[in-house]
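Asks: Can you read through this structure? Questions will come right after.
What follows is calculated from the coordinates using simple rules that are stated; it is not laboratory data. None of these values were measured; they are calculated from a predicted model. Please note: Cβ atoms are built from the backbone with ideal geometry, for glycine as well, and neighbour counts cover all protein chains shown.
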Amino acid sequence: MSVLAPPLARSTPRTAARLLVLWVVAVQVWWGFAFFPTPPGDDSWLAAAQAACFGSLPGGLPSASGWMMLVPAPLLMLVVLFVAFQAELRVTLPALRRERAWRALALVLACLGAVEMGFAAVRVDRAMRIASTSFSPTLTGALPADYPRTHDPVPAFKLVDQHGATFENAGLTGGPTVLTFVFAHCQTVCPALVRTLTTASRDLGGDARVVLVTLDPWRDTPATLAGAMAGWPLPAETRFLSGDPAAVSRLLDELQVARARDLQNGDVSHVPLVMLVDARGQVAYRFSNPPAEWIVEGVRRLRHGA
């Protein structure tokens, strides 16, 4: 034992230094994983893993629990490391600064850290731009008495709702329907539109059904619709429709729903369009980003035969 003791004692400071480097590398890998660029609407395994591990706020920043994983947890590990090896690190760290290999390693780690800070800066900038943009309705006042009333029939279609049931254009007859167009991955226009619909539905008290048609049938497949609906505070009777992408796209084209899909990341740019369909299945009103009051008044006009 006396022969082995000196080498073991000499290796302890180096072991502590290696553990510290391992901590730095682990933190950089963790932060790099959290902030590696993924475009809005990305559905790759990396984007899904980031959302699962760190949560996701509009703009792509981690949620509160995600920041707990990124900051307090690594700091706690660092404190434990310094408490357990404080004597060894106090001896080793000054000596390592004089060694070329360790200085080179520190430089490499610093460069990697700078790259990751750039990744994080991109995410923060995107989040700030989204936060500073208001998608709330800009129209004010009551629905004008002379607002154009149309009589365009909704074209025939057959899609699937979040319960797996078939939904056809005949389902839009028999009473007023609030028809709008959203998609589950949307982080800008759609959340504001859903809030408007929620307010309008509460004021209507069941006087109109609410039907959503996805703008992204490639990712909003029938199997995923129920999960998307669970995150929206809409009435339980709301129907969210999807189906074959060609069938959904044909319906959107026939309804003249303007949109543009980014083929690289799947995100869809669109206006917050709301249609009110009368009891005969005809589009009576078309609104762009309307306030809830306009939707409520439009439905009431349809209820009274206007």
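Asks: Cysteines of the chain lacking any other cysteine beta carbon under 4.7 Å?
Replies: CYS53, CYS111
Asks: Check which residues have an amide H placed less than 5 Å from LEU273's amide H, if you skip close sequence neighbours.
Replies: Excluding prolines and chain starts, which carry no amide H, the hits are PHE181, ASN289.
Asks: Something else: How high is the FRET efficiency between ALA165 and ALA49 when r is their beta carbon distance and R₀ equals 25 Å, given to the nearest 0.05? Spell out each step's value before the answer.
Replies: Numbers: r = 33 Å, r/R0 = 1.30.
Calculated value: 0.15.
Asks: Please compute the net charge surrounding ALA104, taking Lys and Arg as +1 and Asp and Glu as -1 over other residues with Cβ under 15 Å from its Cβ. List each step's numbers first, then the result.
Replies: Details: positive: ARG97, ARG98, ARG100, ARG103; negative: GLU99.
Result for the local shell: +3.
Asks: To continue, here is another question. Helix-only mean residue ellipticity at 222 nm, the chain, DSSP H runs n ≥ 4 weighted -39,500 (n - 2.57), per residue, nearest 500. What is it?
Replies: Roughly -16500 deg cm²/dmol at 222 nm, from the helical runs in the chain.
Asks: While we're on this one: Would you kindly state the longest site-free stretch of the chain, with sites defined as GluC sites (Glu not before Pro) in a DSSP loop (not H, G, I, E, B) surrounded by at most 13 other Cβ atoms within 10 Å?
Replies: Working: sites that count: GLU99, GLU237.
The answer is 100-236.
Asks: In a Gaussian network model over the chain where Cα atoms closer than 10 Å are linked, find which of VAL21, VAL79, VAL29 has the largest mean-square fluctuation.
Replies: VAL79
Asks: Pick from SER288, SER201, SER242: which is most flexible by mean-square fluctuation in a GNM of the chain where alpha carbon atoms under 10 Å apart are linked?
Replies: SER288
Asks: Trypsin sites (Lys or Arg not before Pro), restricted to the stretch 224-277: which are DSSP loop and have at most 14 other Cβ atoms within 10 Å? Walk me through the numbers before you get to the answer.
Replies: Values: sites: ARG239, ARG250, ARG259, ARG261; in loops: none.
Of the trypsin sites (Lys or Arg not before Pro), not one in the loops of the stretch 224-277 has a Cβ with at most 14 other Cβ atoms within 10 Å.
Asks: Among PRO191, PRO74, PRO176, determine the one that fluctuates most according to a GNM of the chain built with springs between C-alpha atoms less than 10 Å apart.
Replies: PRO74
Asks: Which angle from 0 to 90°, rounded to the nearest 10, does the C-alpha axis of helix 100-132 make with the longest principal axis of the chain?
Replies: Taking Cα atoms only, the helix is inclined about 20 degrees.
Asks: Calculated FRET efficiency, ASP146 and ARG300, Cβ-Cβ r, R0 25 Å, to nearest 0.05? Don't skip to the end; give the middle numbers.
Replies: Values: r = 16 Å, r/R0 = 0.65.
After rounding, the FRET efficiency stands at 0.95.
Asks: Helix 86-96 versus the longest principal axis of the chain: what is the Cα-based angle in degrees, 0 to 90, to the nearest 10?
Replies: Helix 86-96 and the main axis of the chain meet at about 80 degrees.
Asks: In debye to the nearest 20, how big a dipole does the chain give about its Cα centre with +1 on each Lys and Arg Cβ and -1 on each Asp and Glu Cβ? It would help to have the intermediate numbers written out before the result.
Replies: Details: 26 positive and 23 negative charges, 269 e Å.
The calculated dipole for the chain is roughly 1300 debye.
Asks: Sticking with this one: Between SER288 and ARG14, what length comes free when the chain is fully extended (0.36 nm per residue of separation minus the Cα-Cα distance, one decimal in nm)? Numbers along the way, then the final one.
Replies: Working: separation 274, 0.36 × 274 = 98.64 nm, distance 6.61 nm.
Extra length from SER288 to ARG14 when fully extended: 92.0 nm.
Asks: Moving to a separate point now. Return the Rg/Rh value of the chain, two decimal places, where both radii are evaluated on C-alpha atoms and Rh is the Kirkwood radius. Before the final figure, lay out the partial values.
Replies: Working: Rg = 28.0 Å, Rh = 23.2 Å.
Rounded to two decimals, Rg over Rh is 1.21.
Asks: Compute the distribution of all C-alpha to C-alpha distances in the stretch 187-228, in bins of 10 Å from 0, and list the percent of pairs in each, rounded to whole numbers.
Replies: Distribution as computed: 23, 47, 28, 2 percent.
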